[in-house]
Amino acid sequence: MTEEVAALLGTPYQGAPLERILDGLVRLTAADGPRVRAALDPVIERRHWSWANEHRWDPLCLCETVVEVFRSAGVSRTDRRRERWEKLLTAVHRPGATPELAVTDPKVPPVHRLLRARLAEIGAHLDEPGQSGLLALPTSTNGLLDPMALLERLTALGDREPGQWDLTQALLRLPTEADETLAAKAAALGTAAGQRFAAWLRDGGLPQPVIRSRTVTRDPRRGNRHWEWAYLPAERILVDLTPPAGTVDRYGLLTAPATPLGGDHSGWVHLWPSLLPRHRGVVTAYALPLVAGAADMDERDGAAVLPLLAEIEGPGGAALDLAVAYGLSARHGPDRVATVDALLTLAAAGELDAAGTGAQLGTLASRQLVKLTRVVEPVRDAAQAGAPLTVWRLLAAAPGAAGRAHATAWPAGSADPGGGDGNRDRRTDRGARPVRRGRAGRLQPPGHRSPPPAQGTGRGVTHRNASDLPSPAWSAGTSVDM
């Protein structure tokens, strides 16, 4: 474990998984806390400078919190660090209230507040004898937890009650399908944790929220009081989350307004998908401001979370469509590469709404919220990697959305920033055959047969490979500064 902690603290945090390290810390300190502390002290002293403090300007930073958890190993129960953790746990937990997880900073998404509460709980209970590790330790690399593994861990605990947030996190990693047989076994444990596990299985777990897109505009008056607002783009399309009708959002995870604010320490965002591995749309909504910043503010690493989002489960909705559209338009190459990886993973699993993504891309482009020339390279790469039909569906949907947005955003007689008329053939087929452009320049699906050309006209050109995939007519002539 010492080597893993040294690797973690030796460089700036880039999103490395923490669960295995924290689980080992809990297990080892329960057996011999002072020895663990003696081994970790030199590692903590040699940590990278970026772990030295909390970076309080960034609400997402957890550097100091993680270091303090390591420093809590082997300390006495009367140490001031214990008091700090207990006070923090009291501040974030509101028993009997809705949501139970208190909002200490409105700029911090609910899933990040859950992560901070778990770290505080781990710090408060280190060195307690009998600790057998974390209940929420996932059994899959994407954060999923096998229900049988959780049942075995609860059985091993006996009459000991687990941590409030450890059990909550474990439940959030379970399948959403009801399992009455397993629920009966959990209830038979006769403990409060077993009853809670059984009720969660019978109720189907955390429901999927309602996701709606929203246009967020910059308020110039806020720039005088909050410096973050002064550097935001004038307009950005985001999403907000609301719980389904009749659902009590117990932890506040399904309620999030569309806010343009993000943070500098985006590596911590890489942990979010593994915290809610069955709710891709929820996590994408939380991360969307950072992904959008990679396109409309030229920030780095904002889209690096997209491949992780592609590996988890659940509907993505408008949040995922927007995230991929913004990622394709990212300023920096590594962000566009990450977006292509996510697009290919989602397409291979049949979980990418190519038409929805194209519609969002068309809307963003026609309203000049992204730069179209950045999209050419990633869509070409996606087509050459084996997804030409997905790329065609994406591009075919973009002109229609651009035309509808143009009609409302641009008055008659003004210049069209997209350069297209919005009328495109949106038919598709099942194959991945060559893509053809008709004699009128219309983008047509693979296998489409154009009518015979009139006298004096040339025939359509058939593109024989994915590298010849045509760009839609609406992007022709568009001059955008990279």
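What order do you get for 159-167, 278-286, 118-126, 377-385 when each peptide is scored by the mean count of other beta carbon atoms within 10 Å, highest first?
Details: 159-167: 17.6, 278-286: 26.2, 118-126: 22.7, 377-385: 19.3.
Ranked from most to least packed, the peptides come out as 278-286, 118-126, 377-385, 159-167.
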Net length gained if the chain between THR345 and GLN164 were fully extended (0.36 nm per residue, minus Cα distance): 61.7 nm
Cα centroid separation - segment 280-324 against segment 92-138, whole Å: 24
C-alpha center-to-center spacing [segment 2-36, segment 40-89] in angstrom: 12
Spin-label pair ARG218/GLU86, simplified geometry with 7 Å Cα→Cβ offset, distance in nm: 4.8
Separation in nanometres of the label points that stand 7 Å from Cα toward Cβ, at GLU4 and ALA39: 1.1
Inter-label distance, nm, simple model (7 Å from Cα along the C-beta direction), MET148/GLN195: 2.8
Proximal lysines to LYS107, defined as alpha-carbon separation beneath 23 angstrom and excluding residues fewer than eight positions away on the same chain: LYS87
Charge-dipole axis of segment 98-224 as Lys and Arg at +1 and Asp and Glu at -1 on Cβ define it, positive-most pick from PRO109, LEU119, GLN131: PRO109
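Rounded, prolate or oblate: pick one for segment 283-368, where a ≥ b ≥ c are the square roots of the eigenvalues of its C-alpha gyration tensor, a/c under 1.5 means rounded, and failing that, prolate if a/b is larger than b/c, else oblate. Mind showing how you got there, number by number?
Working: a/c = 1.59, a/b = 1.22, b/c = 1.31.
Here segment 283-368 falls in the oblate category.
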Cα shape, segment 43-114, gyration tensor, a/c 1.5 rule: oblate
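No lab work stands behind these numbers, since they all come straight from the coordinates. This is a predicted model, so every value here is computed, not measured. Glycine also receives a Cβ, built like all others from the backbone with ideal geometry; neighbour counts cover every protein chain displayed.
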